[in-house]
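The values are calculated or read from the model by the stated rules, or taken from the named source; none is laboratory data. In this text the structure is predicted, and so the values were computed from the model without any measurement. Every residue, glycine as well, gets a Cβ built from its backbone with ideal geometry; the counts of neighbours run over all protein chains shown. Protein only, heavy atoms only, side chains kept; ligands, DNA and RNA dropped before computing areas. Shrake-Rupley method; radii C 1.70, N 1.55, O 1.52, S 1.80 Å.
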Amino acid sequence: MKNIKLIAGFFLILTSFTFTSCENEPIDSAINLDDFGGGGSGAAGTLTAKIGSDTFNALQIEAELSGSAFGPELNISGIMANGKIINIQLINPAVGSFLANTNFENLLLFQYNEDFSGTNSFTSFNSSTSESLGTLTITQYDATAKKISGTFSFTGFSSTNTTNQRQITDGIINNVTFTVAP
């Protein structure tokens, strides 16, 4: 019985030493174990805004530059865990200020969805007046490094009742990395 207690005590000391002396070292040295990314962002950078008085802070950002008949088209989507989504679609991105519009040659369209289903969807285009309300100011656009930064704001009009609106203000796109579609 004495030997069993001695072996159990030795095993307990050995296992506690093993668990406390291990280093937190990844197999791949490129992995940063201290950066958990807040849930797996598709693109580096941040996208934040105010929706009324509520804060929008994208947990995941997807950004892609693709070709269109009117020039390069940049699409940026910021998604929160609760399903809220802000989308920005811009033809011919460059440093400068842009007004929301639906002209294909210089399209700038904003969209806000209150949930994943898209049933509560708001767009910068008011179908009752055929006007668009919103601005985007791009302060950094680097096609080589594939990074974009800037500010935005827009009025979102409900697709079913344009008197139902959402004010999106204080929008910030900060150092968002975009991919280039083949």
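If you scan segment 114-149, which residues turn out to be open to solvent by 60 Å² or more (accessible area, probe 1.4 Å), among the charged types (D, E, K, R) and under 22 Å from residue 165 (Cβ atoms)?
Passing the criteria: only 131.
Output the number of the condition that residue 123 fails; it satisfies all remaining conditions of (1) within 19 Å of residue 79 (Cβ to Cβ); (2) more than 15 Å from the chain's Cα centre (by Cα); (3) in contact (Cβ under 8 Å) with a residue 40 or more places away in the chain.
(3)
Do the conditions hold for residue 78, that is, is it surrounded by fewer than 16 Cβ atoms within 10 Å (Cβ to Cβ) and not hydrophobic (A, V, I, L, M, F, W, C)?
Details: surrounded by fewer than 16 Cβ atoms within 10 Å (Cβ to Cβ): no; not hydrophobic (A, V, I, L, M, F, W, C): yes.
So residue 78 fails the test.
Any residue in segment 173-181 that is assigned to a strand (DSSP E or B), crowded, with 16+ Cβ neighbours inside 10 Å, at pLDDT 95 or above and over 18 Å from the mean Cα position of the chain (by Cα)?
Looking for residues that are assigned to a strand (DSSP E or B), crowded, with 16+ Cβ neighbours inside 10 Å, at pLDDT 95 or above and over 18 Å from the mean Cα position of the chain (by Cα), one finds none in segment 173-181, hence no.
When residue 105 is evaluated against the numbered criteria (1) surrounded by fewer than 18 Cβ atoms within 10 Å (Cβ to Cβ); (2) assigned to a strand (DSSP E or B); (3) among the acidic types (Asp, Glu), which criterion, by number, is the only one it fails?
Result: residue 105 fails condition (2) only.
Can you tell me which residues in segment 150-168 are open to solvent by 50 Å² or more (accessible area, probe 1.4 Å) and assigned to a strand (DSSP E or B)?
Restricting attention to segment 150-168, the residues satisfying the condition of being open to solvent by 50 Å² or more (accessible area, probe 1.4 Å) are 151, 159-161, 163-167.
Listed by number, the residues that qualify are 151, 165, 166, 167.
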